[in-house]
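Chemist: Have a look at this one.
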Amino acid sequence: MEFNKILAEEFNLKLEHATNVINLIEEGNTIPFIARYRKEMHGNCDDQVLRAFADRLTYLQNLDKRKNEVAANITEQGKMTEEITVALANATTLTEVEDIYRPFKQKKRTRASVAKERGLEPLSQIIFEQQFDGDIYAEAEKYIDEEKGVKTAQDAVNGACDIIAEIISDDAEMRKVLREFIKENAEIKTKLLDHPDNKTYDMYTEYSEKIAKIPSHRVLAINRGEKEDCLKVWIEADEEIALNKVKAKYVRQTAPVALKELMEATCLDAYKRLIFPSLEREARSELTDMANEQAIKMFKVNLKPLLMQPPLKDKTILAVDPAYRTGCKIAVIDKNGNVLDTGVVYPTPPQNKTEEAKQKLSYLIYKHKVDAISIGNGTASKEAEIFVADLIKGLDRKVAYAVVNEAGASVYSASKLGAEEFPEYDVSLRSAVSIARRLQDPLAELIKIDVKSIGVGQYQHDMPQNRLTEVLDGVVEDCVNSVGVDVNTASPSLLSFVAGLNSGIAKNIVEYRKTNHFTNRKQLLKVPKLGVKAYEQCAGFLRVIGGDDILDNTAVHPEAYEAVGKLLDYFGMSKDDVSGGKARELGGLIRNVGEEKVAEAIGIGVPTMQDIVAELAKPGRDIRDSLPTPVLRSDLLDIKDLKPGMELDGVVRNVIDFGVFVDIGVHQDGLVHISRIADGYIKHPSDVLSVGDKVHVKVLEVDTVKNKISLTMKTSENPYGKKPKDEGRKQGGRKDGKQFVKKNEEQQLDEALKKLQARFKK
């Protein structure tokens, strides 16, 4: 199988580029390294496309392997034909391969195999050919053998028809036709069963929808309802139309009446007993697979902006981990994330020691010069927020607060890693530290937590866990490497996501720097088990701040240092000019000469040169600094304060298939349904919005009993959810005018998913 040609066509790449990517992957290069430092070899594909490419390559390799296994098995049976060889060569999915193999597969004991044991194959052949002019039942009497269990002519005919039914069922071409028919025309149906929790599934009491149109989130909801014994679920297709397709192939209209009737009955049996149940299972499985992939995609889409939230740099943070009976745990961290103070206060019921809590927090705020307060959004968050907002009003120091998603904080605090980092603190105080650090540096803190626990998707526990972990780990890896990591301060957890490193090497780096402060990247080669290949993969993503060479604090790979020297010489500059900021002029100087000319002169490709110039312009830059800063508040609302028609600023907390949840500062997130995001049609909320986006919304409905808030981003004055020019309220900010321009990365991801969905079915 020519993988390069197939992948070049599917991903719209030059054959050369597809071949290069395959070679790079098989050589053990990581996706972040390939995406960043081998752009000329793959035509400047981003990491999302490259990961989809790698997934598809794996599928094709598995497909090719399975074809060879099937061919070898059929050949071993002495049943290989030219027709089968061609069919296997043309098969594009594992399903097609298994259909071809189905007649030759060792089966469990079936009605057909029993009939064959009883010697009924010759009779089945007579019926199947439909050319016998005599009495078929008289002919069947020849096969009566009580010892073999054939007591009557009817028994013989029934057994012969069982053999024919299995032949029909094993017909790969017929299964393909019926599979497509079911996929395009069948409906999934549900019925609500008697169950204590069946109210959750009220909408599925008597529900039906074409499987070709059912959205992924409903598939997952139905699957969960079935698993919880709340729903009966089945697929229904027009039996008459499907059966006619079978009859059209196997029933001869000119056949004798008796044989024709037997074949029609056999076709019905084959369809109802063998084919449809099998295809129904396939259809359910395919729906689930596609729904899982879509759900995993949404995890991926939501996770990246969450991880890439700009850090609140150079700020001292006080964290409040809310609770009722056990009190609010507090922790103060300095600008570098070091713990300065911890404690417990009781401003919430049942203790209600509000004044005592105010005094303690005020003391800590003044003592440590706290700049911001981070509040977890869990139990008692609302009461804690009210308390903090009131506290801030009485301070003569400017302090703001933010409510952060504390999902997974308890998981981290009880983990082995949490115990290793803070052995002196109990579980609850570790959680408070985590909440503080999430505001200070979200990426560095969130990577310590199992990403499935972060809470940015749906049905995470229903997903195939290995696939979910694989995809989400890829997102984390891409985020970590795009930002870069300070080799002298990064935690082992953060280092382990750097391209080319693993947890073992990460720990070795931390151990090495205890006695050897890194002053240059070359020292990495002295770290135990960090070999040449690992160095090649990781060096460009590790930063040495304040080291011997300014380039070590950039994303410029050491392999390109010589080219950087030539580039600077070309324009009469030095590394001192890079440190002094003069290198910012390089972009304009290069354009005046011509990019291709300069790139050729220094011996590198244009994309690599462009990346180098960007790094030299801002050495040590953090790409997150260009993103909107965290939303800090100094006041709050209560859900009871909300009225239909109110306009507020908020932050997108979660993007799902049917809308987005927005934090508007009332503890309970409001839902903007997909139909209310924009005036015009949008295919999916992720096309225009991401987690962390700041948006302007209008309140439509408020249900204080069910704690549900319905919002819209469409208003007569502001149809696209943009923040008014007068800056509006304090709760949020403006999403820029490119809000409804589909991001290139997401477009590529969506296109790749659509293109590959059908091909990934097993």
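Chemist: So, restricting to helices (runs of 4 or more DSSP H) that lie completely within the range 86-205, which ones have at least 2 residues that are among the charged types (D, E, K, R)?
Modeler: Of the helices (runs of 4 or more DSSP H) lying wholly inside the range 86-205, those with at least 2 residues that are among the charged types (D, E, K, R) span 94-101, 111-117, 121-129, 153-169, 172-185.
Chemist: So which of ASP552, ASP611, ASP625, ASP577 ends up being part of a helix (DSSP H, G or I), out of contact with any helix residue (DSSP H, G or I) (no Cβ under 9 Å at 6 or more places or on another chain) and not β-branched (Val, Ile, Thr)?
Modeler: ASP625
Chemist: When you go through ALA265, ALA295 one by one, which is the residue that is assigned to a helix (DSSP H, G or I) and in contact with a Cys (Cβ under 9 Å, 6 or more places away or on another chain)?
Modeler: On the way: ALA295 fails: in contact with a Cys (Cβ under 9 Å, 6 or more places away or on another chain).
Sole residue among the options that is assigned to a helix (DSSP H, G or I) and in contact with a Cys (Cβ under 9 Å, 6 or more places away or on another chain): ALA265.
Chemist: With the condition kept exactly as written, say whether any residue in the range 486-494 is on the phi > 0 side of the Ramachandran plot and either surrounded by fewer than 16 Cβ atoms within 10 Å (Cβ to Cβ) or outside the structural domain of GLY337 (by TED's automatic domain parsing) (or both). Walk me through how you get there before you give the answer.
Modeler: Residues of the range 486-494 on the phi > 0 side of the Ramachandran plot: none.
Looking for residues that are on the phi > 0 side of the Ramachandran plot and either surrounded by fewer than 16 Cβ atoms within 10 Å (Cβ to Cβ) or outside the structural domain of GLY337 (by TED's automatic domain parsing) (or both), one finds none in the range 486-494, hence no.
Chemist: Further, regarding this structure: Considering each residue of the range 29-52, count those that are under 18 Å from GLU477 (Cβ atoms) and under 23 Å from the mean Cα position of the chain (by Cα), and give that number.
Modeler: Residues that pass the stated criteria total 16.
Chemist: Which of the residues spanning the range 509-528 are in contact (Cβ under 8 Å) with a residue 24 or more places away in the chain and buried (at least 16 other Cβ atoms within 10 Å of the Cβ)?
Modeler: Selection gives ARG513, PHE518, ARG521, LEU524.
Chemist: Right, here's the next one. For LYS210, only one of the following conditions fails: (1) out of contact with any strand residue (DSSP E or B) (no Cβ under 9 Å at 6 or more places or on another chain); (2) exposed (fewer than 14 other Cβ atoms within 10 Å of the Cβ); (3) of a type outside the set (Asp, Glu). What is its number?
Modeler: (1)
Chemist: Let me confirm something: among VAL344, VAL370, which residue is over 34 Å from the mean Cα position of the chain (by Cα) and buried (at least 19 other Cβ atoms within 10 Å of the Cβ)? Talk me through it step by step, then tell me what you get.
Modeler: Working: VAL344 fails: buried (at least 19 other Cβ atoms within 10 Å of the Cβ).
That would be VAL370, the only listed residue that is over 34 Å from the mean Cα position of the chain (by Cα) and buried (at least 19 other Cβ atoms within 10 Å of the Cβ).
Chemist: Can you confirm whether the range 130-147 contains a residue that is surrounded by 14 or more Cβ atoms within 10 Å (Cβ to Cβ) and out of contact with any helix residue (DSSP H, G or I) (no Cβ under 8 Å at 6 or more places or on another chain)?
Modeler: Yes, there is a match, as at least one residue in the range 130-147 is surrounded by 14 or more Cβ atoms within 10 Å (Cβ to Cβ) and out of contact with any helix residue (DSSP H, G or I) (no Cβ under 8 Å at 6 or more places or on another chain).
Chemist: Of everything in the range 673-714, what is aliphatic (A, V, I, L, M), in a strand (DSSP E or B) and touching a helix residue (DSSP H, G or I) at 6+ places or on another chain (Cβ under 8 Å)? Give them in sequence order.
Modeler: LEU700, VAL702, ILE709, LEU711
Chemist: Follow-up. Assuming ALA407 fulfils every condition listed in (1) of a type outside the set (Val, Ile, Thr); (2) closer than 26 Å to ASP622 by Cα; (3) touching a Leu at 6+ places or on another chain (Cβ under 9 Å) apart from one, which condition is it?
Modeler: Condition not satisfied by ALA407: (3).
Chemist: Among the residues of the range 248-269, are any out of contact with any strand residue (DSSP E or B) (no Cβ under 6 Å at 6 or more places or on another chain), under 26 Å from ARG467 (Cα atoms) and of a type outside the set (S, T, N, Q)?
Modeler: no
Chemist: Can you pull out every residue in the range 14-46 that is surrounded by fewer than 21 Cβ atoms within 10 Å (Cβ to Cβ), over 19 Å from ALA499 (Cα atoms) and in contact with a Leu (Cβ under 7 Å, 6 or more places away or on another chain)?
Modeler: Answer for the range 14-46, where residues must be surrounded by fewer than 21 Cβ atoms within 10 Å (Cβ to Cβ), over 19 Å from ALA499 (Cα atoms) and in contact with a Leu (Cβ under 7 Å, 6 or more places away or on another chain): just GLY43.
Chemist: Report, by residue number, each residue of the range 280-297 that is over 22 Å from the mean Cα position of the chain (by Cα) and buried (at least 22 other Cβ atoms within 10 Å of the Cβ).
Modeler: none
Chemist: I've got another one for you. Looking at LYS210, LYS249, LYS300, LYS232, which one is among the basic types (Lys, Arg) and under 21 Å from the mean Cα position of the chain (by Cα)?
Modeler: None of the others qualify; the one that does is LYS300.
Chemist: Of all residues being exposed (fewer than 15 other Cβ atoms within 10 Å of the Cβ) and among the small types (Gly, Ala, Ser) in the range 567-586, which is farthest from LYS618 (Cα to Cα)? Just the residue, please.
Modeler: GLY572
Chemist: Among the listed residues ASP202, ASP194, which satisfies the condition of being within 29 Å of LYS297 (Cα to Cα), free of Cβ contacts under 8 Å to residues at least 24 places away in the same chain, out of contact with any helix residue (DSSP H, G or I) (no Cβ under 7 Å at 6 or more places or on another chain) and in the same structural domain as LEU287 (by TED's automatic domain parsing)?
Modeler: Going through ASP202, ASP194 in turn, the sole match is ASP202.
Chemist: Shifting gears a bit: Go through the range 450-472 and give me each residue that's in contact with a helix residue (DSSP H, G or I) (Cβ under 7 Å, 6 or more places away or on another chain) and either modelled with pLDDT of 90 or more or assigned to a loop (DSSP other than H, G, I, E, B) (or both).
Modeler: Across the range 450-472, the qualifying residues are ASP450, ILE454, VAL456, GLY457, GLN458, TYR459, MET463, PRO464.
Chemist: So, one more: Considering GLY500, GLY531, which residue is modelled with pLDDT of 95 or more, farther than 27 Å from VAL598 by Cβ and surrounded by fewer than 15 Cβ atoms within 10 Å (Cβ to Cβ)? Working first, answer last.
Modeler: On the way: GLY500 fails: surrounded by fewer than 15 Cβ atoms within 10 Å (Cβ to Cβ).
It is GLY531.
The values are calculated or read from the model by the stated rules, or taken from the named source; none is laboratory data. From a predicted model like this one, the values you see are computed outputs, not experimental measurements. Every residue, glycine as well, gets a Cβ built from its backbone with ideal geometry; the counts of neighbours run over all protein chains shown.
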